[in-house]
Amino acid sequence: MTTGLDTPYDLLVLGGGLAGLSVAYKAACRGRSVGVLEARGRAGGLVASHVFEGLRVDVGAESCASSKGGVLVRELCAELGLETVEPQGQSWVWSNGADGPVPLPYGIVGIPADLHDPDVIAALRQAGGQAAVDRALEDLVLGPEVGAEAETIAELVEMRMGPAVLDLFVQPIAGGIYSADPALLSIERVAPGLKEAMLSAESLSGAVAALKAAGPKGAAVFSTKGGMWRLPAALVDSIESHGGRVITDTKVVGLCWVAASRLWHVQVEVKSPSGEKTEETYVAKKLNLALPPHKVFALLKEAAEDALGQGAAEDAVAWADILELCDFDWTHKGAPVMHVTLCLPGDSLEGAPRGSGMLIGPGGPLDPASPYPRRPKALTHYSAKWPDTVEDSDMHVLRVSYGRAGEDAMLPTVSEACAHASTLLGVDITPDSLLDSRVINWSGTMHVSTPQAVEVAARMREILDGVSALSISGAWFAGSGLAAVIPDALRTGETL
């Protein structure tokens, strides 16, 4: 079956996560005929929900950074009629050398903006004695050239502030939010403008303070009232109200650029409700790939070889450049999203013992006698962090997260999550005490922004500037987090 052959779509978006939905939304609002193809049975990607005791809450990404890009996401929410809210409660970190959780410092990626903050000093002294404090304070007297050539977050922090700051504050943030070792994270992708600000401020902490002061005020993150899951739902509704289609259970298996007609033919495998699979072809004038990098490059390699084989002279240089990029070795594959959501009675966690939750470093708390040796990377007290979501429900919702890049992707269990939550919160939580629970395991979904991967994305962007029929969106291309992904995708949708 071929869909859109007589009247091809103006735009087909491959991938129905927030990137793909944002591209499709802008294009549909501009009157384009749009189709979104999504392999899963739902749209939204890493933003997803589940109903506990009659209440729908996030079981995927639950917030967006309040950065410059976050301002644009807030504007999108307003366009869609969604109210935004800020989190409640203190955030904590618990990592190498710490006897217990310490307050998360005000800063960027765990890098403190104020090295004289009493909480920062106390945490450093607890972890490494006065020597750790003195080493961190060297940042204030080192010349701005120290760290100027660093490419990764770990290099920069260790050169400026020493290993204690890296282990105590930065490691938990990198693992919990980016699912990566900071030794792999590109400074320019994770903290754009930080090195330039350091040259002006003449210290790393001063640079962090300057960037924070210049950025949006208020909390570091925000969500949509009632749950972030409302955002993809609203985007789907808007796309379809403008005549577009969001087609789920449809897996893309091949691409073909037909040079003679200048049309894309997209081969898909469709899964019916009964589980039966059939093959179809969709046809479009333009294509947006909002898929993980491994899938993008596999599809583009096939399409480039086919286009060059057709003698597509008009785009031959671009196709040859794309084909060359397809040989990039994605050594650092995406980390899994793995977590267990625990639903407990309302009287079980009164007072929110650790506020909104904590981020845990690879050397964080571990009971030697526990049968669960793996360390979680984060705990979120969802109902304390976003109280409006559960304001009419007498229950608490916790999320215990696992899965750093390079770790064994062993599926977490409810018993394991209960044991870890008990250690982290200092409260006895057992499977028998739960009202409900849910285990999530999305493998390879958290892209690691290494300096090399950032270079490949930048080169691909240069190539695509000259190819009007093809565009790319997503975290590997635009940067991690909704505040990077959504604005980039909206800009793309404005041009298609």
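Here the spin labels are modelled as points 7 Å beyond Cα on the Cα-Cβ line, and at Asp134 and Ser415 they lie 5.0 nm apart. Note on Glu151 and Asp99: with the Förster distance fixed at 35 Å, the Cβ-Cβ geometry gives a FRET efficiency of about 0.55. Here the Karplus relation 6.51 cos²θ - 1.76 cosθ + 1.60, evaluated at θ = phi - 60°, turns the backbone of segment 217-229 into coupling constants of 7, x, 5, 6, 9, 8, 9, 8, 4, x, x, 5, 4 Hz, with x for every Gly and Pro. Rounded, prolate or oblate: which fits segment 234-288, taking a ≥ b ≥ c as square roots of the Cα gyration tensor eigenvalues, rounded meaning a/c under 1.5, else prolate when a/b beats b/c? Because a/c hits 1.5 or more and a/b fails to exceed b/c, segment 234-288 counts as oblate. Taking the Cα centre of the chain as origin and assigning +1 to Lys and Arg Cβ atoms and -1 to Asp and Glu Cβ atoms, the resulting dipole is close to 680 debye. Note on segment 75-157: with neighbouring protein chains present and a 1.4 Å probe, carbon and sulfur make up 50 percent of its accessible heavy-atom surface. Using the 1.4 Å probe convention, the accessible area of segment 103-160 works out to 45 Å² per residue with neighbouring protein chains retained. About its Cα centre, segment 355-489 has a charge dipole of approximately 440 debye under the convention of +1 per Lys or Arg Cβ and -1 per Asp or Glu Cβ, with nothing else charged. Residue by residue, segment 169-176 carries 3J(HN,Hα) couplings of 10, 7, 3, x, 5, 4, x, x Hz when phi is fed to the Karplus relation 6.51 cos²θ - 1.76 cosθ + 1.60 (θ = phi - 60°); x denotes Gly or Pro. Among beta bridges identified by DSSP and lying wholly in the chain, the antiparallel ones come to about 70 percent. Taking Lys and Arg as +1 and Asp and Glu as -1, the other residues whose beta-carbon sits under 15 Å from that of Lys217 total +2. Distant-in-sequence amide contacts of Ser449, defined by a placed amide H-H separation under 5 Å and a gap of 5 or more residues or a different chain, comprise Ser186.
Amide H contacts of Val93: Val102, Leu104, Leu359, each under 5 Å away and 5 or more positions distant or on a separate chain (H built 1.01 Å from N in the peptide plane; Pro and chain starts excluded).
If amide H atoms are built 1.01 Å from N in the plane of the peptide, which residues on other chains or at least 5 residues away come under 5 Å of the amide H of Leu263? Correct list: Val258. Computed with every protein chain present, the accessible area of Cys256 is close to 30 Å² [probe 1.4 Å].
Neighbours of Leu82 by Cβ distance under 13 Å: Lys/Arg scored +1, Asp/Glu scored -1, total -2. Toward the positive end of the charge dipole of segment 14-125, with +1 on the Cβ of Lys and Arg and -1 on the Cβ of Asp and Glu, the farthest Cα among Val71, Tyr106, His116 is that of Val71.
Centre-to-centre, using Cα atoms only, segment 280-324 and segment 93-112 are separated by 45 Å.
Short to long, the 10 Å bins of the Cα pair-distance histogram for the chain hold 4, 19, 28, 26, 16, 7, 1, 0 percent of all pairs.
Ignoring aspartates and glutamates fewer than eight residues from Lys212 along the same chain, the ones with Cα atoms less than 12 angstrom from its Cα are Asp114.
Here segment 56-141 is assigned +1 on the Cβ of each Lys and Arg and -1 on the Cβ of each Asp and Glu. Its dipole about the Cα centre then comes out at about 120 debye. For segment 431-496, take the alpha-carbon Rg, divide it by the Kirkwood Rh, and send me Rg/Rh. With Rg and the Kirkwood Rh in hand, the quotient comes to 1.21. Estimated from helices alone, the mean residue ellipticity of the chain at 222 nm is -10500 deg cm²/dmol (sum of -39500 (n - 2.57) over DSSP H runs with n ≥ 4, per residue). Mean silhouette area of segment 1-138, derived from the convex hull of its C-alpha atoms and averaged over all directions, reads 14.0 nm².
A protection proxy built from the mean count of other Cβ atoms within 10 Å ranks the segments 246-253, 59-66, 161-168, 272-279, most packed first, as 161-168, 59-66, 246-253, 272-279. Computed extension gain for Arg374 through Glu276, at 0.36 nm per residue and net of the alpha carbon distance, reaches 31.4 nm.
Loop-located chymotrypsin sites (Phe, Trp or Tyr not before Pro) in segment 429-496 (DSSP state other than H, G, I, E, B) with a sparse environment of at most 13 neighbouring Cβ atoms within 10 Å are absent. Loop only per DSSP, at most 15 neighbouring Cβ atoms within 10 Å: give me the GluC sites (Glu not before Pro) in segment 85-164, ordered by residue number. In loop regions of segment 85-164 (DSSP not H, G, I, E or B), the sparsely surrounded GluC sites (Glu not before Pro) are Glu145, Glu149. Karplus-derived 3J(HN,Hα) values for segment 77-83, using 6.51 cos²θ - 1.76 cosθ + 1.60 with θ = phi - 60°, are 4, 4, 4, 8, x, 9, 7 Hz; glycine and proline are entered as x.
The values are calculated or read from the model by the stated rules, or taken from the named source; none is laboratory data. Bear in mind the structure is a predicted one, so any value in this text is a computation, not a measurement. So basically every Cβ, Gly included, is an ideal-geometry build from the backbone, and we count neighbours across all protein chains shown. Areas reflect the complete protein model, heavy atoms only, side chains present, ligands, DNA and RNA absent. Shrake-Rupley method; radii C 1.70, N 1.55, O 1.52, S 1.80 Å.
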